[in-house]
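Student: The structure is given below, and queries will be raised subsequently.
The values are calculated or read from the model by the stated rules, or taken from the named source; none is laboratory data. Being a predicted model, the structure only gives us computed values, none of them experimental. Quick reminder, even Gly has a Cβ in these numbers, built from the backbone with ideal geometry, and neighbours come from all protein chains shown. Ligands, DNA and RNA are stripped out before the accessible areas are found, and what is left, the full protein with its side chains, is counted by its heavy atoms. Shrake-Rupley method; radii C 1.70, N 1.55, O 1.52, S 1.80 Å.
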Amino acid sequence: MDLTPYVDQLRRDLATAAEAGGDEARALAERLGAPLESGARLVLLAALSAAAADITRDLAPGSVELRLRGVDPEFVVTPAPAEHSFADDAPATSAAAPVPPAPGQSEDDVTSRINLRLPESLKTRVEEAAAADGLSVNAWLVRATSAALTRDTTGQRSAHRTASGGQRYTGWVR
């Protein structure tokens, strides 16, 4: 999003207002033009950031982020995850049970933000898996976390398919 037209309009409005004050006011308006530009950009960015936060609150669990690339802000929209289970993506030969929604999960849940640090190789794998499912990384992680927590609370053991097609079981045995 280019903020230049908005900043230029503000500068023109200042020049128009200064016309009524005579030559001294016009000269002052011209000298204030450059400092006004950077201040106006900061105010516009603050307003856009606040708007993105308001939209995110109403859009949850989707989100809208404001990112600054160079001098121009950019909106990044992450839609809410699609309503389907992991079982829809499983091969027909898989014996995996469908993943029910997480306990206590409802449409009224408030979205919280966390920072997650991953090794670069794991981050790349997560991005590839999310892209393969047609989801954002955030939506994919929410889904994977929900599935893992649901599996833990139902007492099922986690079974992981290996590249060779076998199963690997992890956990404790008594």
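Student: When E74 is evaluated against the numbered criteria (1) part of a strand (DSSP E or B); (2) open to solvent by less than 50 Å² (accessible area, probe 1.4 Å), which criterion, by number, is the only one it fails?
Tutor: (2)
Student: For the range 59-74, give me each residue that is free of Cβ contacts under 8 Å to residues at least 40 places away in the same chain and either more than 15 Å from the chain's Cα centre (by Cα) or more than 13 Å from S112 (Cα to Cα) (or both).
Tutor: Selection gives V64, E65, L66, R67, L68, R69, G70.
Student: Go through the range 111-152 and report how many residues are open to solvent by less than 90 Å² (accessible area, probe 1.4 Å) and part of a helix (DSSP H, G or I).
Tutor: Number satisfying all stated conditions: 25.
Student: Continuing with this model, one more query. Is at least one residue of the range 40-50 polar (S, T, N, Q), modelled with pLDDT under 80 and over 28 Å from A15 (Cβ atoms)?
Tutor: no
Student: Could you check the range 5-42 and list, in sequence order, the residues that are closer than 30 Å to V76 by Cα and loosely packed, with under 12 Cβ neighbours inside 10 Å?
Tutor: Residues satisfying the conditions are P5, Q9, A34, P35, S38, L42.
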